[in-house]
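Read through the structure below, which is laid out as C-alpha cells, and then see the notes.
Taken together, the values in this text are just the output of simple stated rules run on the coordinates, not laboratory data. Quantities reported herein were computed from a predicted structural model and do not represent experimental measurements. All Cβ positions, even for glycine, are placed from backbone atoms using ideal geometry, and neighbour counts span all protein chains on display.
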Amino acid sequence: MIGTGYVGLVSGACFADFGNQVICVDKDAAKIDRLAQGECPIFEPFLDALIARNTQAGRLSFATESGPAIASAAAVFIAVGTPSRRGDGFADLSFVYDAAREIAAELDGFTVIATKSTVPVGTGDEVDSIVRQLRPNAEFAVVSNPEFLREGAAIEDFKRPDRVVVGTDDERARHVMAELYRPLYINETPMLFTNRRTAELIKYAANAFLATKITFINEMAELCEKVGANVQEVARGMGLDGRIGSKFLHAGPGYGGSCFPKDTSALVAIGQRYGAPVRIVETVIGVNSARKSAMAQKIIAACGGSVRGKRLAILGLAFKPNTDDMREAPSLSILPVLASEGADVHAYDPAATSEAHHLLPEVTTEADPYACIEGADAMVILTEWDQFRALDLERVRAILRKPVVVDLRNIYKPADMMARGFTYVSIGRAS
Ligand code: NAD
C-alpha cells in the first residue's frame, strides 16, 4: 500500500484482516514511526484495534521505503493524496506519478498496480505509460480500484461495501483483484468489473451526485425558512420515494471534507478539458461555497446582529462526526469570519482539537463541552457528534450567559428547545 493515510491505512489493515500479507508504506517518517510503536496516527473508530490485531499476527507492517514491499507484492495499491491543484481546480497528480515511478523501479514478476486514489479519467493510462517507459519489459497491469469508504465508518464500509469497482481489461489482473476481495463474496458484495476509464469516472460521478443531493436539500432548507415549511419533513417525504432515497438529505452548513470539494472541482475541470461541461456540478460548487459564508451571517444574526465582544461556544470542528479530519471543514470558513467580526471564539471537538490548533489559531480550544459553553453568549452546533445530542440541557441553559443556541445540524427539536427557554435557531425549520 503506497500511502498510509485515511484510505491506505484502513485498506491495508482490512486487507491484512482478510488474511493477506500487507506492507503499508509512507514517506512521512513520523507517521510510520508512530505506527511502528503501536500508535494510530488518525482518529477512526476501531482502527487501532484492527491494526494491533494484524501487526501482532504478523500480517501487517509499516515502512518508509517502498522497494522491498513492491518487489515482493502481487498487487501494489496507490493510495496517495490527490489534492486540488492551485489555480485550475484539476487534481494534483504529482504524488500518483511519483508513486508510479517508484513502483516501476522495483517491479519483480507480474504485478497489479491498482489506483485507489481518486484520479481523473486517463490517469491509469498515464501511470501505465510512465511504468512502461521506465521498465519496457516488466510484466504488470494498471487497474483502477476507486475507494468509497467514508471516514468515521471506514472499516465497516471497507468490509461491507455497497460495491467494489475494478477497472481493467487484463484477465490476470482481474483474477488477482477478485481473489483479494474474495472475502466479500460472503456478503454478496456486487463486484463491478469495467474498463479503466469507466471505473475512474464512476468515483467522480458518485461523489458529485452526493454533493448535489446535499446542496439540493440545503437550498430547500433555505426555501423552507422563507415559506414556513420544515426541511426535515420535506426530506422525509422526498426520501420515502424509492427513486430518491432518504440518505444524504440532511440539511446543514454546506459540505466539506477531504473529498467532495476537491472531487467536484476536479470533475468540472475534466468536463471543461473534454468539452463536456458538467454545469450542474459547477452550480453546486458555487451554491455550497455561498452557503458556508451565509452560515457565519446566520450566527451573527442569531446573536442580535453583532458578535463584537461576545463569547461564542462552538461545538464540533471536524467536517463530520467520528473523524479528526479538518480538511475543508465548514468550521474553517465560518470561525475566522466570526473572529474577524470581534467574537471571542471558543471551541470543543472530541477528536479534532489538536488538528485545529494550527488551522484555526484565532480559536481557543477547550477540553470539555461545558467548559466551552460556560459564560458564552451563544452555543453553536457545527458538527453532529453523538455526545452533543446527549448534553445536559438544563446545565447548558444555566451556564450560558445568554440562552442562544444555533443548531446548524438540526440535532434538537425546536419546540423542546423553546420550552426549555432557549432562543433556538436551526436549519430549514421555523425558529
Ligand atoms: P491522506 O492525505 O490521508 O494520505 C495520503 C498519504 O500518502 C500521506 O500520508 C502521504 O504522506 C502519503 N504519500 C504521498 N506520496 C507518497 C509516496 N510517493 N510514497 C509513500 N507515501 C506517499 O489522503 P487520504 O484521505 O487517504 O486520500 C488518499 C486518496 O484516496 C485521495 O485520492 C482521496 O481522494 C481518496 N479517497 C479518500 C477518502 C477519504 O475519506 N479520505 C475516501 C475515498 C477516496
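Name the long-range amide H neighbours of ILE314: under 5 Å, sequence gap of 5 or more, or other chain; modelled H, no Pro or chain starts. Here the answer is HIS346, ALA347, TYR348, VAL380, since their amide H atoms fall under 5 Å of that of ILE314. Compared with the dominant Cα axis of the chain, that is its longest principal axis, helix 196-227 is turned about 10°.
Normalised radius of gyration for the stretch 6-194, please: alpha carbon Rg relative to 2.2 N^0.38 Å, two decimal places.
Values: Rg = 16.0 Å, N = 189, 2.2 N^0.38 = 16.1 Å.
Expressed relative to 2.2 N^0.38 Å, the Cα Rg reads 0.99.
In this Cβ point-charge picture (+1 for Lys and Arg, -1 for Asp and Glu), the stretch 204-286 has a dipole of about 240 debye about its Cα centre. Under the convention that each Lys and Arg Cβ holds +1 and each Asp and Glu Cβ holds -1, the size of the dipole of the chain around its Cα centre is about 1120 debye.
Return one quarter of the surface area of the convex hull spanned by the alpha-carbon atoms of the stretch 216-336, equal to its mean projected area, in nm². Present the calculation step by step, with values, prior to reporting the outcome.
On the way: hull surface 38.7 nm².
Approximately 9.7 nm², given one-decimal rounding.
Shape analysis of the chain based on the Cα gyration tensor places the equivalent ellipsoid semi-axes at 42, 24, 20 Å, largest first. Residues whose amide H falls under 5 Å from that of ASP407, counting only those 5 or more places apart or on a different chain, are ILE381, VAL425, SER426, with hydrogens built in the peptide plane. Exposure here means at most 15 other Cβ atoms within 10 Å; with GluC sites (Glu not before Pro) in a DSSP loop as sites, the longest stretch of the chain lacking them is 189-361. Couplings 3J(HN,Hα) for the stretch 100-114, derived from phi with the Karplus relation 6.51 cos²θ - 1.76 cosθ + 1.60 (θ = phi - 60°), are 4, 5, 5, 5, 4, 4, 10, 3, 8, x, 4, 9, 8, 10, 10 Hz, where x marks Gly and Pro.
The percentage of C-alpha pairs in the stretch 291-425 whose separation is greater than 25 Å is 15%.
Starting from the Kirkwood radius over alpha-carbon pairs of the stretch 337-385, derive D by Stokes-Einstein at 25 °C in a medium of 0.890 mPa s and give it in µm² s⁻¹. Write out the running numbers ahead of the final one.
Numbers: Rh = 11.4 Å.
Result for D is 216 µm²/s.
At most 11 other Cβ atoms within 10 Å and a DSSP loop assignment: could you name the trypsin sites (Lys or Arg not before Pro) in the stretch 254-305 that fit? Answer by residue number: there is no such site.
For the stretch 124-240, what is the charge dipole size about the Cα centre, in debye to the nearest 20, if Lys and Arg each add +1 at the Cβ and Asp and Glu each add -1 at the Cβ? List each step's numbers first, then the result.
Numbers: 15 positive and 19 negative charges, 30 e Å.
Here the stretch 124-240 has a charge dipole of around 140 debye.
The average projected area of the stretch 86-141, computed from the convex hull of its Cα atoms over all directions, is 4.0 nm². 222 nm [θ] for the chain, helices only, -39500 (n - 2.57) per DSSP H run of 4+, per residue, to 500? -13500 deg cm²/dmol, from helical runs alone. Relative to the longest principal axis of the Cα atoms of the chain, the long axis of helix 123-134 lies at roughly 40 degrees.
Backbone geometry of the stretch 277-286 corresponds, through the Karplus equation with coefficients 6.51, -1.76 and 1.60 at θ = phi - 60°, to 3J(HN,Hα) couplings of x, 9, 5, 4, 5, 4, 5, 4, 4, x Hz, x marking Gly and Pro.
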